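What follows is a short report on a single structure.
Every read-out reported here was derived from the displayed coordinates using simple, explicitly stated rules and does not represent laboratory data. In this text, all values refer to a predicted model and were calculated from it rather than measured experimentally. Glycine gets a Cβ as well: all are built from the backbone with ideal geometry, and neighbour counts include every protein chain shown.
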Amino acid sequence: MSTLSTVPAPAFQEPAPTPVSLLLLGRGADPRSERGVECPGDLPPASDPDLVARAEAAKAELGDRLFVLGHHYQRDEVIRFADVTGDSFKLAQQAAARPEAEFIVFCGVHFMAESADILTSDAQRVILPDLAAGCSMADMATAEQVERCWERLEDLGIAERVVPVSYMNSSADIKAFTGRHGGTICTSSNAKRALEWAFGKGEAVLFLPDQHLGRNTAVRDMGYSLADCVVYNPHRPNGGLTDDELRNAKMILWRGHCSVHGRFTPECVDEVRERIPGVNVLVHPECRHEVVEKADYVGSTERIITLLNEAEPGSAWAIGTELNLVKRLAAEHPDKQIAFLDKSICYCSTMNRIDLPHLVWALEALAEGRVPNVIEVDADTAHYARVALEQMLALP
Ligand code: SF4
């Protein structure tokens with residue numbers, strides 16, 4: 001047993017390569033994983049000039065039996081067919097509020113479709129147009145890794161005072177783990193309330209899977225210090241942490257991050273301030289702590305949209321979030337100067353997998369009576385995941 005004292009967690013650690021991240025998207029056959037599986041059948045070619053008309057026709061034929069959800073990070077060519085747009089939790093709630101819709105086509109990524117399946121009735125089928133649309137962050141915490149971490153906390157005798165808090169951007173397995181152990185789900189909008197609740201219930205939090213959202217919320221919004229946070233690395237023996245580091249930590253942060261928001265650097269902020277005098281820098285809390293510290297505003301996707309809706313005409317904004325959304329906001333607000341925080345292109349590659357050919361393929365299959373790419377969470381996992389989601393809805 002080590003007697004090393006707790007040291008401050010570094011603000012960001014690059015992820016170790018994992019077998020999952022090395023898999024080619026669209027290959028393999030593991031529907032319980034975010035890594036994606038084959039997308040069977042012939043896709044219409046992207047060059048087909050009739051794609052828009054084909055999507056409109058299939059949608060019209062399906063009528064109220066169909067409900068199409070579009071995440072804010074989706075391409076314009078797809079989002080135009082969404083009946084509702086939003087962040088992942090809003091979309092799952094919207095699906096649950098439409099029990100007459102037999103088919104929920106989710107234009108987003110795998111964990112979002114799982115959440116929609118968990119919250120909708122058994123009679124509704126949730127369809128992901130491309131099964132290879134996973135999420136690299138969700139893939140960074142597998143059920144086996146998290147169970148191993150929890151066993152370590154149990155061996156140390158501290159598990160009963162640690163409350164798991166899992167970001168919405170996690171697999172159904174991780175949500176179910178959270179529900180089984182008395183924790184809650186959070187979104188980037190309510191992470192502070194979730195942590196306040198958790199610290200009222202226990203003495204420490206295991207935050208999964210996004211280290212940045214956990215650190216930014218605890219340190220920036222709640223007054224904890226970086227020294228209160230440690231990073232559990234599932235690729236290292238014992239998470240790379242000593243017994244005392246785990247015992248003394250207030251925030252045990254899982255070593256996961258978003259590959260899109262993790263790209264923004266403090267230098268990006270310095271560069272844009274030089275390039276656009278007077279610019280307001282607005283970033284998502286999935287960004288690194290050093291970036292958030294330099295920004296003028298920090299907010300969830302919905303908050304970013306609201307802030308820009310309320311911004312003064314003529315004001316200048318540099319936005320640190322997914323590029324499809326930033327481009328759409330720039331087009332919607334021609335009276336404001338809206339720039340992307342990074343100089344290089346930064347789409348979410350898995351979100352971008354849902355393109356118009358995949359959407360047409362899924363809609364036409366449904367119209368022909370076939371139900372492709374159904375996302376189904378098993379009953380036990382769904383039950384405990386729902387427990388954790390309902391705890392989030394009950395947060396004070
Ligand atoms: S933007 Fe980040 S968190 Fe969202 S789906 Fe893409 S990789 Fe996952």
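Computed about the Cα centre, the dipole magnitude for the stretch 147-221 is approximately 260 debye when only Lys and Arg (+1) and Asp and Glu (-1) carry charge, each at its Cβ. By the rule of a C-alpha distance below 30 Å, with chain neighbours fewer than 8 residues away ignored, the lysines paired with LYS201 are LYS90, LYS175, LYS192, LYS250.
What whole number of Å gives the distance from the Cα centroid of the stretch 334-396 to the Cα centroid of the stretch 164-215? Answer, in whole Å: 20.
Spacing of the modelled spin labels on LYS327 and ALA143, each 7 Å from Cα toward Cβ, amounts to 3.7 nm.
Would you mind classifying the stretch 146-246 by shape? Square roots of the alpha carbon gyration tensor eigenvalues, ordered a ≥ b ≥ c; an a/c under 1.5 is rounded, otherwise it is prolate if a/b is larger than b/c and oblate if not. Rounded, since a/c falls under 1.5.
Given a Förster radius of 45 Å and the C-beta distance between ALA379 and GLU274 as r, what FRET efficiency does 1/(1 + (r/R0)^6) yield to the nearest 0.05? In this case the efficiency is close to 0.20.
Taken about its Cα centre, the chain carries a charge dipole of roughly 640 debye when the Cβ of each Lys and Arg holds +1 and the Cβ of each Asp and Glu holds -1. Got a sec? Charge dipole of the chain, +1 on Cβ for Lys and Arg, -1 for Asp and Glu; which of GLY202, GLN337, PRO313 is way out at the positive end? Final value for the positive-end residue is GLY202. Which shape class, rounded, prolate or oblate, goes with the chain when its Cα gyration tensor gives a ≥ b ≥ c as root eigenvalues, a/c under 1.5 marks rounded, and past that a/b bigger than b/c marks prolate? In terms of gyration-tensor shape, oblate.
Taking a ≥ b ≥ c as the square roots of the Cα gyration tensor eigenvalues, with a/c under 1.5 meaning rounded and otherwise prolate when a/b beats b/c, else oblate, which class fits the stretch 55-127?
On the way: a/c = 1.91, a/b = 1.06, b/c = 1.81.
Judged from the Cα gyration tensor, the stretch 55-127 comes out oblate (a/c at least 1.5, b/c at or above a/b).
Counting 0.36 nm for each residue step from HIS235 to ASP221 and taking away their Cα separation leaves a gain of 2.1 nm.
Taken one residue at a time, the phi angles of the stretch 273-279 give Karplus couplings (6.51, -1.76, 1.60, θ = phi - 60°) of 5, 6, 6, 10, x, x, 5 Hz. Gly and Pro are set to x.
Remark: the LEU156-SER349 segment gains 65.5 nm on full extension, using 0.36 nm per residue and subtracting the alpha carbon distance.
Extension gain GLU61-GLU293, at 0.36 nm per residue separation less the Cα-Cα distance, in nm?
Numbers: separation 232, 0.36 × 232 = 83.52 nm, distance 5.04 nm.
Result: 78.5 nm gained on full extension.
Listing ILE319, ILE79 from fewest to most neighbouring C-beta atoms within 10 Å gives ILE79, ILE319. Toward the positive end of the charge dipole of the stretch 112-225, with +1 on the Cβ of Lys and Arg and -1 on the Cβ of Asp and Glu, the farthest Cα among CYS135, CYS186, ASN216 is that of ASN216.
Between ARG370 and GLU77, the simple label model (points 7 Å from Cα in the Cβ direction) yields a spacing of 2.1 nm.
For the chain, find the longest principal axis of its Cα atoms and tell me its angle to the long axis of helix 323-332, 0 to 90°, nearest 10. For helix 323-332, the angle is close to 60 degrees.
Straight-line cross-link partners of LYS336 among the aspartates and glutamates, defined as a Cα under 19 Å from its Cα and at least 8 positions apart when in the same chain: GLU274, ASP296, GLU302, GLU310, GLU312, GLU322. The packing ranking, built from the mean of other Cβ atoms within 10 Å per residue, places the peptides 142-153, 45-56, 111-122 in the order 111-122, 142-153, 45-56, highest first. At an R0 of 51 angstrom, the distance between the Cβ atoms of ALA97 and ASP244 translates into a FRET efficiency of 0.60.
The calculated FRET efficiency for the pair GLU267 and SER315, based on their C-beta separation and a Förster distance of 30 Å, comes to about 0.80.
Between amide H atoms placed 1.01 Å from N, distances below 5 Å from SER315 occur with GLN337, all of them 5 or more places distant or on a separate chain.
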